[in-house]
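Written below as structure tokens is the structure these notes are about.
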Amino acid sequence: MKRRIYLKMKSLEEARNLLLEACPSDIIGEEPVPARHAAGRITSRPVYARLSSPGFHSAAMDGMAVRAAETFDARDQDPVCLKVPGQALPINTGQPLPPDRDAVIMIEHVTFLSEHEIEIRSPVYPWQNVRKVGEDIVATELLFPTNHQLEPYDIGALLTGGVTELYVRERPRVWIIPTGCELINPEEISGASLPPGKSPESNSAVLAAMTEQAGALPHVTPIVDDDPEALKAAVTEALDAGAHVVVINAGSSAGSRDFSAQVIEDLGALLAHGVTIMPGKPTILGMVRQRPVIGNPGYPVSSFISFEQIVMPLLYRLQRRLPLKRHVIDAQVARKIPSRSGMEEFRRGIVGSIGGKYVVTPVKKGAGSISTLTRANCIIHIPAHSEGLEEGEMIQAELLRPEEEVLNTLICTGSHDLILDLIKDMLMRMSPHFNMASTHVGSMGGIMAVKKGLAHMAGTHLFDPETGLYNTPYIHRYMKDMPVRLITLAYRQQGLIIQKGNPRGIGAIEDLAGKDITFVNRQSGSGTRVLLDYCLAKAGIRAEQVRGYRSEEYTHMAVAVAVLSGKADAGLGILAAARALDLDFIPVVEERYDLLMSEESWSHPAIQAMMEIISTKGFKEKVRGMGGYSTRDTGKGVHL
């Protein structure tokens, strides 16, 4: 099949409206459900009470049932005596009120003169301390109207009103069809490696969970190969089985093996091929047998954004239920975010409260980077008419986590180190727990972020060739007027991460320029890049003599992965990263890795919790166990 260009591109608003208008509103029917299991469902008919509540006059308090008129003369100075049981009958909360009584005196207001006589010093009025018939619910009254979403409390009202069964809207049945010859079910993967050319199929599980979040019923089919006839059969089978909505995952782009658009067009009508959103542009909208059939992009982030922005609103609309609204805050952009004009962009970000304001840092882009979704705690929406956001610009961010959790989030940036993951886990173990969100922009980027008030803390390991010191010369140079604290986290081994068994025979930094070695570097501004440049200069090697010098990664683990995959023969990184992936390591230097924070951030509860953690014996033992670390000064302040 030849490649298809994107046809009938629509804006997000046009795409939503087009699908809603094309989809018949009555494709969702109704069904009876027991009241006990109706929470979360949407009523399809009005619900009326069958019983009154209470069904009889009952005592609202423990005390004495009386005729109110016989108490009217009671005064504090002139008490009234009542005979028991003739004028006053003992009664407990909830018991039926005797037919000839119309009030209850609270037991606390009664003085027993004898077994058969009481004294009262204040009157009661008719029906005081009495729950009258139908006081809460009256038989035949409307309990809930049509299209009411039932809450857990509503179940009590239904049963109290004698309603044991009611009619609710069906939950939309969503068929999710994963496609692709390269996919394999994760449950079929054995051992620590994938079969050649195969990728775990995970999108359908996420889409199914999102379907349930919208109140619908997901059904995931077996993986369908990239074959148009097989895909047609899968869509037809889904509709025959009663699917209200069909979602084809992958095959929606314009490649030679992307068949979704043609299959939808062959079976029904193609409404749009392409929506002006990023990620999610390859989304396809169609109708087959008056049922929506959506071609959902295959890259994870694109897939989930498309589903969230187009399919979930449709599912809410079909059920007549209101979509969930996220809490929106005003936040300052930590760094410039370029965007393509003409496309609505949805960027994940990390937001925290710094110096009394919210600051948001975007996580890296990438339609296939599912980790950007798990790390983020907010969404930034960049309109189609914008070319991006400037550093310091105020925007609105949708929170993906409760605001209290955001307030308890420690924003850490700068240089990457595996110890930060350990701190994050231990912060989350505390009660109350704190979260830590990390972005990796290099040591110099971290220093500048702390200086601008865009992070609570930054990891740094900048070596100064002139003094031979770590970090302090740079802090004096760039932050001389700002009160800060510098805390040593650990000393660590930096060196060359190389492939297992050292097949290229690498022995030292000097070999990077002489043995046709492919190198993978760290980004400009990182402490590791500064160290490399110092080592190269010391060895008399120019940057252009190192193959791969311009090839950059942002973390030590990314460098190690590049070596493991064969993309590079060597990269400069820490021993712990090499050990984590069972790679070989050639030591170059021991360096000091510090945590920099402003004096203002020092008092943040999360910082204090972190300081408590890193001072413990257990933490230091875990750090040393990772390999390549010394904790001899961990937790100590560095003199500035």
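For the reader, a short list of remarks on this structure follows.
- 0 to 90° range, to nearest 10: angle between helix 419-429 axis and the chain longest Cα axis: 10
- Euclidean distance between Cα centres, the stretch 516-542 to the stretch 200-215, Å: 44
- Computed FRET value (nearest 0.05) for ASN185 with LYS500, which takes r as the C-beta separation and R₀ as 25 Å: 0.25
- Flagged links, alpha-carbon separation over 22 Å, of LYS365/LYS622; LYS365/LYS451; LYS357/LYS451; LYS336/LYS451; LYS538/LYS620; LYS364/LYS480: LYS365/LYS622; LYS365/LYS451; LYS538/LYS620; LYS364/LYS480
- Between SER25 and ASP330, full extension at 0.36 nm per residue minus the direct alpha carbon distance yields a gain of 106.1 nm.
- Candidates PRO292, ALA214, PHE346 compared by Cα position along the dipole of the chain: farthest toward the positive end lies PHE346, with charges placed on Cβ.
- Degrees between helix 605-614 axis and first principal axis of the chain (Cα, 0 to 90, nearest 10): 60
- Note on VAL588 and LYS567: their simple-model spin labels are 1.8 nm apart, each label 7 Å out from Cα toward Cβ.
- Residue ranges 550-559, 187-196, 446-455 sort as 446-455, 550-559, 187-196 when ordered by packing (mean number of other C-beta atoms within 10 Å per residue, highest first).
- Ranking PRO383, THR413, LEU113 by Cα position along the charge dipole of the chain, where only Lys, Arg, Asp and Glu carry charges on their C-beta atoms, puts THR413 farthest toward the positive end.
- Size of electric dipole in the chain: Cβ of Lys, Arg +1 and of Asp, Glu -1, about Cα centre, debye, nearest 20: 1920
- Length gained when the stretch GLN95-GLU108 is fully extended (0.36 nm per residue, less Cα-Cα span): 2.9 nm
- Computed over the alpha-carbon atoms, the chain gives an Rg to Rh ratio of 1.14, Rh here being the Kirkwood radius from the mean inverse distance.
- Extended-chain gain in nm, criterion 0.36 nm per residue less alpha-carbon gap, GLU387 and GLU466: 24.2 nm
- The stretch 326-401 shape via C-alpha gyration tensor axes, a/c threshold 1.5: oblate
- Considering only the chain, percent of DSSP beta bridges that pair antiparallel, nearest 5: 75
- Environment charge of GLY268, counting only residues whose C-beta is closer than 10 Å and scoring Lys/Arg +1, Asp/Glu -1: 0
- For the peptides 267-280, 387-400, residues were scored by their other Cβ atoms within 10 Å and the scores averaged per peptide; the highest-first order is 267-280, 387-400.
- Cβ crowding within 10 Å averaged over residues, with 416-427, 433-444 ranked highest first: 433-444, 416-427
- FRET efficiency for ARG550 and ARG632, using Cβ-Cβ distance with R0 set to 56 Å, rounded to 0.05: 0.95
- Principal-axis analysis of the Cα atoms of the chain puts helix 12-22 at an angle of about 50° to the longest axis.
- Share of Cα-Cα pairs in the stretch 53-157 lying beyond 17 Å, as whole percent: 57
- Mean-position separation - Cα centroids, the stretch 273-287 and the stretch 17-63, in angstrom: 37
- Distance in nm between pseudo-label sites at ALA241 and ASP425 (7 Å out along the Cβ direction from Cα): 3.9
- Helix-only mean residue ellipticity at 222 nm for the chain, each DSSP H run of n ≥ 4 adding -39500 (n - 2.57), per residue, nearest 500: -7000 deg cm²/dmol
- Inter-site label distance for HIS433 and ARG624 at 7 Å from Cα along Cβ, in nm: 2.8
- Whole-angstrom gap from the stretch 81-119 to the stretch 144-172, using each part's C-alpha centre: 40
Where a number appears in this text, it was derived from the coordinates with a stated rule and is not lab data. This is a predicted model, so every value here is computed, not measured. As a convention, Cβ positions derive from the backbone with ideal geometry for all residues, glycine included, and neighbour counts pool all protein chains shown.
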